[in-house]
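Colleague: Please read through the structure below; I'll follow up with questions.
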Amino acid sequence: MDNIVMYGKPVADKVKNTIKEKIAGKKLTLGIMLIGDDQPSHIYMERLAKNALALGIAVKKVILPGTITQEAAENALEKLNQDPAITGILPLMPLPKHLNTKAFCDKLAPTKDVDCLCPSNAGEVFLGTSRWASCTPRACMAILKFYGIEIAGKKAVVLGRSNVVGKPLALLLMQQNATVTICHSKTKNLPAIVAGADIIIAAMGKAGFVIPEMVKPGAVIVDVGINVVDGKLRGDVTPEAYAKSSAYTPVPGGVGVVSNSMVLESLAR
């Protein structure tokens, strides 16, 4: 049985070449908003900024304390909305728990929303009428396509139901004719459900959550997890579980690399 490592770099490089053609002669600026001290979000922001600058895209970082009020957070977002120099805005999720995420995203200007967070853009994704979707789900789909993974007719299990990964990813998989099950913290018999999957998308945010007993031999694993354990990045899947797959994305070096490129592709639209 093959055990293909689906590295993100060749996928990202292909996307970046397309971006270069689209943005030639244009001046673009990405506004990245980070509220709080979520470590994976900090790592993601720094890597995204580095990739943007390498393509000639300017970056404005807005880093706010985790204790910020709802009003202050929304006011900071509105400043980016109104700034004519800002081409697109990426508020990093999750927000601190005391903030109302829906109310915050309601304030995001649809024309500057690069991650389909505002209601109108999210609705377009739900209806299947948008060219775009949240960046991480698009990265997962791009990887599967690049490595020739068949999706139609396959049983896909998505671990996680967030508005920026799990839910939109399920929609994209269904658009490609997969049969999709979403699992979450309240799912009963979760290990057995995952063990029946042809494609496993792990986006729980829990290091090493998927163990070998949960993986059918030959399944395809897309590990979206970015967890910091003892100063190192770890995915949601254990290495032993990877070993049972026919193909998997590593952490680091997998989905995150492509997700960064998808943010910049949205900006270049």
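The values are calculated or read from the model by the stated rules, or taken from the named source; none is laboratory data. Predicted, not measured: the structure shown is a model, and the values here were computed from it. Cβ: placed from backbone, ideal geometry, glycine included. Neighbour counts: every protein chain shown.
Colleague: Only one of (1) modelled with pLDDT under 90; (2) under 15 Å from Val263 (Cβ atoms); (3) among the hydrophobic types (A, V, I, L, M, F, W, C) fails for Ala24. Which number is that?
Modeller: (2)
Colleague: Also: Can we say Ile68 is among the aliphatic types (A, V, I, L, M), in contact with an Asp or Glu (Cβ under 9 Å, 6 or more places away or on another chain) and buried (at least 16 other Cβ atoms within 10 Å of the Cβ)?
Modeller: So Ile68 does not fit the description; no.
Colleague: Now for a separate question. Check whether at least one residue in the stretch 49-56 is part of a loop (DSSP other than H, G, I, E, B) and more than 16 Å from the chain's Cα centre (by Cα), and report yes or no.
Modeller: The answer is yes, given that some residue of the stretch 49-56 is part of a loop (DSSP other than H, G, I, E, B) and more than 16 Å from the chain's Cα centre (by Cα).
Colleague: For the stretch 3-15, state whether one or more residues are part of a strand (DSSP E or B) and surrounded by fewer than 18 Cβ atoms within 10 Å (Cβ to Cβ).
Modeller: Within the stretch 3-15 (the criterion being part of a strand (DSSP E or B) and surrounded by fewer than 18 Cβ atoms within 10 Å (Cβ to Cβ)), the answer is yes, since at least one residue qualifies.
Colleague: Can you report the number of residues in the stretch 123-135 which are part of a loop (DSSP other than H, G, I, E, B), surrounded by fewer than 24 Cβ atoms within 10 Å (Cβ to Cβ) and on the phi < 0 side of the Ramachandran plot?
Modeller: Qualifying residue count, the stretch 123-135: 4.
Colleague: When you scan the stretch 80-97, how many residues do you find that are part of a loop (DSSP other than H, G, I, E, B) and in contact (Cβ under 8 Å) with a residue 24 or more places away in the chain?
Modeller: 9
Colleague: Now for a separate question. Taking the condition of being free of Cβ contacts under 8 Å to residues at least 60 places away in the same chain, over 18 Å from Phe126 (Cβ atoms) and in a helix (DSSP H, G or I), how many residues in the stretch 136-169 meet it?
Modeller: Residues that pass the stated criteria total 1.
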